[in-house]
């Protein structure tokens, strides 16, 4: 079930330039089925409410945990060929690229949901693989990974700015100008950012930390609704000073 939820107003509403509409999508984590549903929502909205410059912003963590990481990347790559898209890097994509280079990181990746990603590429890992077996699994993964998937993962952006909005995977470090943020914070930060009431210079749209429903504060909005476990993948539609969110699996 899909429905739009109107957000509460901030003290001073951030704004996009006239003629631009952004569709921001939260952490997908291998839920290709939910991603396809949101494609349909976006396409129908554009059909009924066309605009000069629609931009789709995807917030990273496309892989791991959920069942269809490989297919999720296929869908995103295909979408990028037909629509104006921005693909942000998440910490899971960053770690995946490290694992491809260094099999010793396999054990940590397994705890991040990496076994599901292996399976999506047709590789059946053992739950208790020793060091030699882990090296072999990463060798198989490197061989199975399509070149277009690797190029896609290597080309992901750390952030995107439009109007009064700053789009990023995890958040920003308070007190640091946006153009001086460290990659590690943009991909991994939690409490220092989430607990801050500071003005970050832009209104931050982010994911990374799962919440039951989109969490809006005066300085940020979190759109990671834990899709891989909850079945709720959130879409945030931004136009002018308006923010509307919808998601899969929401009850009326």
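What follows is calculated from the coordinates using simple rules that are stated; it is not laboratory data. Not measured: the values here are computed from a predicted model. Positions of Cβ are generated from backbone atoms using ideal geometry, with glycine treated the same way; all protein chains shown enter the neighbour counts.
With an 8 Å cut-off on Cα pairs and a minimum separation of 6 or more residues, tell me the relative contact order of the range 21-144 in percent.
Numbers: 173 pairs, mean separation 32.6, N = 124.
Worked out over the range 21-144, it gives 26 percent.
Against the longest alpha carbon principal axis of the chain, how many degrees, from 0 to 90 and to the nearest 10, is the axis of helix 131-144 turned?
Here the helix axis deviates by roughly 60 degrees.
Hey, what did the chain get for relative contact order, percent, Cα under 8 Å, at least 6 apart? Write out the running numbers ahead of the final one.
Values: 514 pairs, mean separation 72.2, N = 252.
29 percent.
Between residue 192 and residue 119, what length comes free when the chain is fully extended (0.36 nm per residue of separation minus the Cα-Cα distance, one decimal in nm)?
Details: separation 73, 0.36 × 73 = 26.28 nm, distance 3.50 nm.
Contour length minus the Cα-Cα distance gives 22.8 nm.
Could you list 120, 184, 196 in order of exposure, starting from the residue whose Cβ has the fewest other Cβ atoms within 10 Å?
Numbers: 120 21, 184 12, 196 17.
Listed from fewest to most nearby Cβ atoms, that is 184, 196, 120.
Report the gain in length on full extension from residue 74 to residue 164: 0.36 nm times residue separation, minus Cα-Cα distance, nm rounded to one decimal. Let's see the in-between values first.
Numbers: separation 90, 0.36 × 90 = 32.40 nm, distance 3.13 nm.
Full extension from residue 74 to residue 164 adds 29.3 nm.
In bins 10 Å wide, starting from 0, what share of all Cα pairs of the range 178-252 does each bin hold, as a percent?
Histogramming the range 178-252 at 10 Å steps yields 17, 48, 30, 5, 0 percent.
Starting with the fewest neighbours, write out 204, 41, 135 ranked by other beta-carbon atoms found within 10 Å of each beta-carbon. Before the final figure, lay out each step's value.
Working: 204 22, 41 17, 135 14.
The fewest-first ordering by Cβ neighbours comes to 135, 41, 204.
From the alpha carbon gyration tensor of the range 53-169, can you work out the equivalent ellipsoid semi-axes (sqrt of 5 times each eigenvalue) and give them in Å, largest to smallest?
Values: eigenvalues 164, 41, 24 Å².
Semi-axis lengths for the range 53-169 are 29, 14, 11 Å.
What FRET efficiency, computed as 1/(1 + (r/R0)^6) with R0 = 22 Å and r the Cβ-Cβ distance, is obtained for residue 179 and residue 15, rounded to the nearest 0.05? If you can, show how the numbers build up before the last one.
Working: r = 20 Å, r/R0 = 0.92.
After rounding to 0.05, the efficiency reads 0.60.
What translational diffusion coefficient, in µm²/s and rounded to a whole number, does the Stokes-Einstein relation yield for the range 129-171 at 25 °C and a viscosity of 0.890 mPa s, taking the hydrodynamic radius as the Kirkwood radius over Cα pairs? Before the final figure, lay out the partial values.
On the way: Rh = 13.3 Å.
After rounding, the answer is 184 µm²/s.
Among 84, 117, 225, rank each residue by its count of other Cβ atoms within 10 Å, from fewest to most, as a rough exposure measure. Can you show the working numbers first?
Details: 84 12, 117 30, 225 25.
Going from least to most buried by this count: 84, 225, 117.
Which distance in nm do the two modelled labels at residue 133 and residue 49 give, with both placed 7 Å along the Cα-to-Cβ direction?
Modelled inter-label distance: 5.2 nm.
Can you pull a Stokes-Einstein diffusion coefficient for the chain at 10 °C (1.306 mPa s), Rh from Kirkwood over Cα pairs, as a whole number of µm²/s? The partial results should precede the final answer.
Details: Rh = 18.6 Å.
This corresponds to a translational diffusion coefficient of 85 µm²/s.
Using Cα atoms only, what is the angle between the long axis of helix 69-82 and the major principal axis of the chain, expressed in degrees (0 to 90) to the nearest 10?
Long axis of 69-82 versus the principal axis of the chain: about 50 degrees.
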